[in-house]
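The values are calculated or read from the model by the stated rules, or taken from the named source; none is laboratory data. It should be emphasised that the depicted structure is a prediction, and the values quoted were computed from it without experimental measurement. When the accessible area is computed, the model is the full protein with side chains, heavy atoms only, and any ligands, DNA or RNA have been set aside. Shrake-Rupley method; radii C 1.70, N 1.55, O 1.52, S 1.80 Å.
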Amino acid sequence: MRHKVAGWKLGRNTAHRRSLLRNLVTSLILEERIETTLPKAKAMRPQVEKMITLGKRGDLAARRQALAYLMTGAAVDKLFDTIGPRFGDRQGGYLRIVHLGWRKGDGADTAFVELLGSEKLQEEKREKRAEIRSKRAEEAKRAMDEAEAQGGVEHPTGDHAEGEDKDRDKDKDKDKDKSEK
């Protein structure tokens, strides 16, 4: 029995598990929403909460502790500049784990992990993607229209040469008809 045994092993040795959790926490801070398995999401929750608490403290010692744990300086900057102040008045419970279902390949239980208040950021990302998609569609349509316009005016060399041969044959036929009359 596993009475009073804390923590998640996740089928990895200590170094691999620590590296995995550091990467997940860094990605969550940078992206504010990630998809992972449910056990990994539950295992990373305490680490994320500790990092956000450091971000709320905001002093040099807290920044150094966060820099020692997180993988990139950009994640530390975002933690202390945007995420920490956002949760300034909150006493914990900074993230939401949303169960998605089972992965098709191996049947793993998957979940979204997202920071609270990241809905605005996610909506902005969706709008930006939709805008980029519409620009690409517009450019493709413009390119198709230009290709059709050029296709109607100019003939490819092979078709143009055949067209000239046909015109010559028609002219010869007309000349023959005139001479016979």
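Annotations
- Per residue, the accessible area of region 1-94 comes to 59 Å² when a 1.4 Å probe rolls over the protein heavy atoms.
- Alpha-carbon Debye profile of region 3-103, log10 I(q)/I(0) at 0.13, 0.18 Å⁻¹: -0.47, -0.87
- Protein accessible area in region 1-93, 1.4 Å probe - carbon and sulfur %: 53 percent
- To the nearest 10, the accessible area of Arg33 is 70 Å² with a 1.4 Å probe.
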